[in-house]
Amino acid sequence: MSNEKKGVLAAFFAYAFWGAFPLYWKLLEHVPSMEILLSRVIWSFVFTVLAVIVFRMRHDLVADLKYLWSHQKHFWQLAGASFVISMNWYLYIWAVTHNHLIETSLGYYINPLLSVIFGVIFFKESLSRAQWVATGIAFIAVIILTMNYGSVPWVALLIALSFAIYGVLKKKITLDATRGLAIETLLILPFALGYYVYLFATHQASFLHVDVKTDILMIFSGLVTAVPLILFAKGAQNIPLYLLGFIQYVSPTIVLILGIVLYKEPFSQVELLAFSIIWAALLLFSGSKIIETRKAHHKSVS
């Protein structure tokens, strides 16, 4: 099997894994969202450090830490990224355990387009006319949903915004995915441990106080966080970015299907219209990006 095919499979399974996350978090809906987040941070750190040891990346991890300490700007950027991704995780967990799967799906559909706008604002990246039109079409869909809900879809927008900000903060820092997660969780770890001490001291902790199944699920939340990230890293190394960008829509599509079919969340005709508009915008955006990339490739070859 070629490296590109392996990359496509790895990326597909990473996004399919992320799309299936609601099935896992739903098993923990009896646990407060904040404690699930704390558990995810702590056990993600444990499992990623174990992965670093198993894959013999200890020296690389130490080198990464030394580099960050000597480049304070990158250190604080990564600290900011750690905070923002923790907020994104919290929003996602809260949304899933409080029956907002469709809005969660919307957030991850909007995210790539928001990331593009941030690229224009912060990195002076340019967009084609088709890409501007696609972004405008998606904005219309959000307005339709806002009018339908009678309020702004804050969960979707905050999920999209937090992940887009995370992307901006991480853009200038090139770290291996596994070591990067180890460092990001390390930076937020003192806060997570401190809050957990408070929960245990005030008899509010679910961990070790509900049942063995809950304890196992909370421990393995770290593993289910690390596995798709490693798959994603393998995929990103072997396939072009435009293809990776197209595969990413697997995740919110699975979340949307789970929300409608399995968890019977209400999905009106207006919402179907709005999502159809977003799908059209994403097809236009992705299609124009693929054509643009192929033209650039042909020019470089000739």
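Can you compute the charge dipole magnitude of region 144-268 about its Cα centre, using +1 on each Lys and Arg Cβ and -1 on each Asp and Glu Cβ, nothing else charged? Give it in debye, rounded to the nearest 20.
Numbers: 7 positive and 5 negative charges, 70 e Å.
Result for region 144-268 is approximately 340 debye, rounded to the nearest 20.
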**OP:** Give me the distance between the Cα centres of region 104-150 and region 5-49, rounded to whole Å.
**Re:** 26 Å
Original post:
Which shape class, rounded, prolate or oblate, goes with region 197-244 when its Cα gyration tensor gives a ≥ b ≥ c as root eigenvalues, a/c under 1.5 marks rounded, and past that a/b bigger than b/c marks prolate?
Top reply: prolate
Subject >> Reach of residue 299 by Cα under 21 Å, taken over lysines that are not fewer than 8 positions away in the same chain >> reply: 289
Original post:
Mind checking which of 67, 108, 92 has the largest fluctuation in a GNM of the chain, springs on alpha carbons under 10 Å?
Top reply: 67
**OP:** Among 192, 210, 115, pick out the residue whose Cα is farthest towards the positive end of the charge dipole of region 98-215, where Lys and Arg carry +1 and Asp and Glu carry -1 on C-beta, about the Cα centre.
**Re:** 115
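Tally up the carbon and sulfur contribution to the accessible surface of region 167-234 as a whole percent, 1.4 Å probe, everything protein left in place. Don't skip to the answer; put the middle values down first.
On the way: 2450 of 3470 Å².
Roughly 71 percent, rounded to a whole number.
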Original post:
Which of the lysines could a cross-linker span from residue 264 if the Cα-Cα distance has to be under 17 Å and same-chain partners fewer than 8 positions apart are dropped?
Top reply: 26
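Over all directions, how big on average is the projection of the convex hull of the alpha-carbon atoms in the chain, in square nanometres?
18.1 nm²
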Original post:
Going by accessible area, probe 1.4 Å, with all protein chains left in place, what is the ranking of 289, 295, 171, largest first?
Top reply: 295, 171, 289
Original post:
For region 1-119, what's the relative contact order in percent, using C-alpha pairs closer than 8 Å and at least 6 residues apart?
Top reply: 37 percent
Original post:
To the nearest 10 square angstrom, what accessible area does residue 277 show with a 1.4 Å probe?
Top reply: 40 Å²
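Taking the Cα centre of region 69-174 as origin, sum charge times position over the Cβ atoms of Lys and Arg (+1) and Asp and Glu (-1), and report the length of that vector in debye to the nearest 20. If you can, show how the numbers build up before the last one.
On the way: 6 positive and 2 negative charges, 84 e Å.
Computed charge dipole of region 69-174: roughly 400 debye.
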**OP:** Could you tell me the distance between the Cα centroids of region 50-81 and region 186-237, to the nearest Å?
**Re:** 20 Å
Subject >> Equivalent-ellipsoid semi-axes of region 55-158, from the Cα gyration tensor, Å, largest first >> reply: 33, 21, 11
Original post:
Which value, in Å² rounded to 10, gives the accessible area of residue 70 with a 1.4 Å probe and all protein chains present?
Top reply: 80 Å²
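What's the magnitude of the charge dipole for the chain around its Cα centre, counting Lys and Arg as +1 and Asp and Glu as -1 at the beta-carbon? Answer in Debye, nearest 20.
1040 debye
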Subject >> Solvent-accessible surface (1.4 angstrom probe) belonging to residue 284, in square angstrom, nearest 10 >> reply: 70 Å²
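Based on the Cα gyration tensor of region 136-195, what are the three equivalent ellipsoid semi-axes, each the root of five times an eigenvalue, rounded to whole Å and given largest first?
Numbers: eigenvalues 219, 58, 9 Å².
With the √(5λ) rule applied to region 136-195, the semi-axes are 33, 17, 7 Å.
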Subject >> Average accessible surface area per residue within the chain, 1.4 Å rolling probe, Å² >> reply: 52 Å²
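Just order 40-47, 208-215, 95-102 by mean Cβ neighbour count inside 10 Å, highest at the front, would you? Walk me through the intermediate numbers first.
Details: 40-47: 22.9, 208-215: 12.5, 95-102: 20.6.
The most tightly packed comes first, giving 40-47, 95-102, 208-215.
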Subject >> aspartates and glutamates with Cα under 20 Å of residue 213, excluding same-chain neighbours fewer than 8 positions away >> reply: 29, 35
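What does the helix-only formula give at 222 nm for the chain: each DSSP H stretch with n ≥ 4 adding -39500 (n - 2.57), the total divided by the residues, and the result rounded to the nearest 500 deg cm²/dmol? The partial results should precede the final answer.
Details: 13 runs with 246 residues, N = 302.
Calculated at 222 nm, the ellipticity per residue is -28000 deg cm²/dmol.
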**OP:** Would you kindly work out the equivalent ellipsoid of region 177-302 from its C-alpha gyration tensor and give its semi-axes, the square roots of five times the eigenvalues, largest first in whole Å?
**Re:** 39, 25, 12
Original post:
Considering the chain as a Gaussian network with a 10 Å cut-off on Cα pairs, which listed residue, 22, 32, 266, attains the greatest mean-square fluctuation?
Top reply: 266
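Suppose we look only past 22 Å in the calculated P(r) of region 1-127. What percent of the Cα-Cα pairs does that tail hold? Walk me through the numbers on the way to the answer.
Working: 4598 of 8001 pairs.
Of all Cα-Cα distances in region 1-127, 57 percent exceed 22 Å.
The values are calculated or read from the model by the stated rules, or taken from the named source; none is laboratory data. As the structure is a prediction and not an experimental result, all values here were calculated from the model. Counting neighbours? That spans all protein chains shown, and the Cβs are built from the backbone with ideal geometry, glycine included. When the accessible area is computed, the model is the full protein with side chains, heavy atoms only, and any ligands, DNA or RNA have been set aside. Shrake-Rupley method; radii C 1.70, N 1.55, O 1.52, S 1.80 Å.
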